[in-house]
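Working notes for the structure below.
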Amino acid sequence: MKEYLSENNINHVYLDITESMLNLKKFLKLRDTREEFDEIKRLGKIGIPCIVINDGEKIIFDYKELEK
């Protein structure tokens, strides 16, 4: 997904959740509080990678959704 964003000149900030506890905590807060993750959690999945648009306005899990 990171490669797709870069190759298509889409402005983004990449956060690696394994890089710091702060990044992990940011992700877990989203995962634990946003309904977009409900189905993913029900399926026993983690929910990464994901794209958070405009500080949480929308969360998507497949870059193809950007083309809609």
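The values are calculated or read from the model by the stated rules, or taken from the named source; none is laboratory data. Worth saying up front: this structure is predicted, and the values here are computed from it rather than measured. We place every Cβ from the backbone using ideal geometry, glycine too, and count neighbours over all the protein chains shown. Only protein heavy atoms, including side chains, enter the accessible area calculation; ligands, DNA and RNA are left aside. Shrake-Rupley method; radii C 1.70, N 1.55, O 1.52, S 1.80 Å.
Of a type in the set (Ser, Thr, Tyr) and open to solvent by less than 90 Å² (accessible area, probe 1.4 Å), is that true of TYR14?
In short, no.
Which one of the conditions (1) in a loop (DSSP other than H, G, I, E, B); (2) at pLDDT 90 or above; (3) in contact with a helix residue (DSSP H, G or I) (Cβ under 8 Å, 6 or more places away or on another chain) does HIS12 fail to meet, given that it meets all the rest?
Evaluating HIS12 over (1) in a loop (DSSP other than H, G, I, E, B); (2) at pLDDT 90 or above; (3) in contact with a helix residue (DSSP H, G or I) (Cβ under 8 Å, 6 or more places away or on another chain) leaves (2) as the failure.
Just one of ILE17, ILE59, ILE40 is of a type in the set (A, V, I, L, M, F, W, C), touching a residue at least 12 places away in the same chain (Cβ under 8 Å) and either assigned to a loop (DSSP other than H, G, I, E, B) or at positive phi (or both); which is it? Walk me through how you get there before you give the answer.
Numbers: ILE59 fails: either assigned to a loop (DSSP other than H, G, I, E, B) or at positive phi (or both); ILE40 fails: either assigned to a loop (DSSP other than H, G, I, E, B) or at positive phi (or both).
Result: ILE17 is the single residue among ILE17, ILE59, ILE40 that is of a type in the set (A, V, I, L, M, F, W, C), touching a residue at least 12 places away in the same chain (Cβ under 8 Å) and either assigned to a loop (DSSP other than H, G, I, E, B) or at positive phi (or both).
Which of (1) out of contact with any Ser or Thr (no Cβ under 9 Å at 6 or more places or on another chain); (2) at pLDDT 95 or above; (3) not acidic (Asp, Glu) does LEU24 not meet, given it meets every other one?
Unmet for LEU24, out of (1) out of contact with any Ser or Thr (no Cβ under 9 Å at 6 or more places or on another chain); (2) at pLDDT 95 or above; (3) not acidic (Asp, Glu): (1).
Take the conditions without any contact (Cβ under 8 Å) to a residue 24 or more places away in the chain and surrounded by 10 or more Cβ atoms within 10 Å (Cβ to Cβ) and apply them to LEU24. Does it pass? Talk me through it step by step, then tell me what you get.
On the way: without any contact (Cβ under 8 Å) to a residue 24 or more places away in the chain: yes; surrounded by 10 or more Cβ atoms within 10 Å (Cβ to Cβ): yes.
Here the answer is yes, as LEU24 does meet what is asked.
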